[in-house]
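Each value in this text was obtained by applying a stated rule to the coordinates, not by laboratory testing. What you see is a predicted model; the values in this text were computed from it and never measured. Positions of Cβ are generated from backbone atoms using ideal geometry, with glycine treated the same way; all protein chains shown enter the neighbour counts.
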Amino acid sequence: MRRYGLLLSVILACAPAVEAQSLADQPRVREATGLIDVWLDAQRDYKSIPGMSAAVVHDREVIWTGASGYADPESRTPATPGTAYSICSISKLFTAVGVMQLRDAGELRLDDRVSDLLPWFDIQESHENSPPVTVEGLLTHSSGLPRDSEHSYWIEPFDFPTREEVVQRLGEQEMLYPADRYYQYSNLGLTLAGEVVAEVSGTPFSEYMRAHILDPLGMRSTWPDIGEYPFPDRLSVGYGATRRDGSRSRMPPFAAEGIAPAAGFASTVEDMARFASWQFDVLQSGGDEVLSGNTLREMQRVHWMDPDWETTRGLGFGVYRNRGVTYVGHSGLCPGFESTIQLYPPDRLAAVVMLNAIGLSPSALAMEMLRLIKPAVLQAIEEREGVEDGSMEARTKADEFPPEFRRFVGSYDEDPWGGESAVVPWRGELAILWLPTMNPLDNLTRLEHVDGNTFRRIRDDGVQGETYEFVEDGNGRISGLRYHNNTYPRMDQVPARPGSE
């Protein structure tokens, strides 16, 4: 799908508006989410990802959702924020919440031996003096268990084992490491954590998830096994990694069966935004809806660190450092799908990204989204609080995007040197986002208006740099962007290349 509708939405979103209480309506936040919208769509296009959906959350408010491309390219079904994707290993978060609910109810302990909870747990121990596998070991991936059940299910035809087949084969497998010695990401471990939930609660895993987690949180578009998803018309179609010839294979549908607690869930960015908002709610209020704030905080703390001081895990949650910032969340990678939810609890910010193809890191996208949105949200909160207590004007002139600049917003073709220069509203004026890039803030050039169609680059130290001039055609329409004595044509006036739409 072409990008120009997205750019138009950015223009409209940045027009002056009546002051509203919603953060999503604050000028700086609108600029930031508009830039996110343009950036994500370009990254999807340049990496040939069929479809993408994403969301940004602050506290209890979903401040932006967006989507581009196709949920199913063959039927031309567009992706939307309500499109369902496999979220694969993000499933582990829900399984871990179920375990911790039972822990809080006094039904189990984190130091319980898995063999005491699952009578059929008979994996072969091949290491002398190994401590027992515990519930905590399952949740932190430090159990010593191998990565997967001994079946072939990660390649076509994606024949996932049933629960009974997982149980039957377990006795033929061996421990990979002694327990509590090394980190080893283990789908088998979280599958067994799901079995602990079912065994201790006396309820089938899927039923427990719906009754105790998903329904109470209003996550009605989330299902514990994608193979049983009740709204098949909303499911996106997955595509594999890019091959040498540039093609992608269309993936057949799959059902995670007995691996569902580790990798089976399907969801939407709208539902995962609700999941993020719930977390901020209980963390802040200390309430106990679904899970207590103290228990959730416990899950998001580091419970395992490898000797390299780089690999850190909470209880179910991943704990990640990026540019000196600590995030909590989880990512998912399944046949044809990649997804992530990343939270920064101190500022109550979260981002969700879902893709129906492999080859573009959703966690990297989400962390950059949070890096982009954070300053705008914090400034908007400060200004809103100032308005409420009368210490600050509701709007400042600098916040308003000049309507006469709207005609310049769009993408300009940088061929042969790059992809494109996307001119976007930024800080009340214009900026150029150089695409493609995985680091949008580091590839953003601010412009300051001189007069007419002429702007100057603003260096980081505030000094003006070179001149950028928007060129008009004979009808007065903006047809190009001129700098360094070269004019780059506006992309909506560039003939489509062979193979493009």
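Beyond 16 Å, how much of the Cα-Cα pair distribution for the stretch 112-167 remains, as a whole percent? Result for the distance tail: 54 percent.
Hand me the trypsin sites (Lys or Arg not before Pro) from the stretch 262-367 located in a DSSP loop with no more than 15 other Cβ atoms within 10 Å, in residue order please. Please report the intermediate quantities before stating the final value.
Values: sites: ARG274, ARG297, ARG301, ARG313, ARG321, ARG323, ARG348; in loops: ARG301, ARG323, ARG348.
Sparse-neighbourhood loop trypsin sites (Lys or Arg not before Pro): ARG301, ARG323.
With a ≥ b ≥ c taken as the square roots of the eigenvalues of the C-alpha gyration tensor of the stretch 72-163, please select rounded if a/c is under 1.5 and otherwise prolate if a/b is larger than b/c or oblate if it is not? Note, shape of the stretch 72-163 comes out oblate. Amide hydrogen proximity for LEU235: with H placed 1.01 Å from N in the peptide plane, the residues at 5 or more positions away or on another chain lying under 5 Å are ALA84. Only Cα sites of the stretch 27-112 enter the Debye sum here, all with the same form factor; the resulting log10 I(q)/I(0) across q = 0.13, 0.16, 0.17 1/Å is -0.63, -0.78, -0.83, listed in q order. Remark: the stretch 472-481, residue by residue, has Karplus-estimated 3J(HN,Hα) of 9, 8, x, 9, x, 8, 6, 10, x, 10 Hz, where x stands for each Gly or Pro and the curve is 6.51 cos²θ - 1.76 cosθ + 1.60 at θ = phi - 60°. In sequence order, the stretch 40-53 has phi-based couplings of 4, 5, 5, 4, 4, 5, 5, 9, 6, 7, x, x, 8, 10 Hz under the Karplus curve 6.51 cos²θ - 1.76 cosθ + 1.60, θ = phi - 60°, and Gly or Pro positions carry x. Taking amide H as placed 1.01 Å from N in the peptide plane, the amide H of ILE358 sits under 5 Å from that of TYR239, ALA241, each at least 5 places away or on another chain. Which of the three applies to the stretch 113-259, rounded, prolate or oblate, going by the alpha-carbon gyration tensor with a ≥ b ≥ c and a/c under 1.5 meaning rounded? Taking the square roots of the gyration eigenvalues as a ≥ b ≥ c, the stretch 113-259 is oblate.
Quick check on packing: order 74-85, 453-464, 479-490 by the mean number of other C-beta atoms within 10 Å, highest mean leading. Present the calculation step by step, with values, prior to reporting the outcome.
On the way: 74-85: 18.3, 453-464: 13.3, 479-490: 15.8.
So the peptides 74-85, 453-464, 479-490, ranked by packing, come out 74-85, 479-490, 453-464.
Computed from backbone phi, the HN-Hα couplings of the stretch 407-423 come to 5, 8, 5, x, 10, 10, 6, 9, 4, x, 8, x, x, 7, 10, 9, 8 Hz, rounded to whole numbers (Karplus: 6.51 cos²θ - 1.76 cosθ + 1.60, θ = phi - 60°; Gly and Pro given as x).
In cubic angstrom, how much convex hull volume per residue do the alpha carbon atoms of the chain span?
Working: hull volume 82.6 nm³, N = 501.
Given the Cα convex hull of the chain, per-residue volume reads 165 Å³.
Report, as a whole number in µm² per second, the diffusion coefficient that Stokes-Einstein gives for the stretch 184-257 at 10 °C and 1.306 mPa s using the Kirkwood radius over alpha carbon pairs. It comes out at roughly 107 µm²/s. Diffusion of the stretch 415-500 by Stokes-Einstein, at 4 °C in a medium of 1.567 mPa s and with Rh set to the Kirkwood radius over alpha-carbon pairs, works out to 93 µm²/s.
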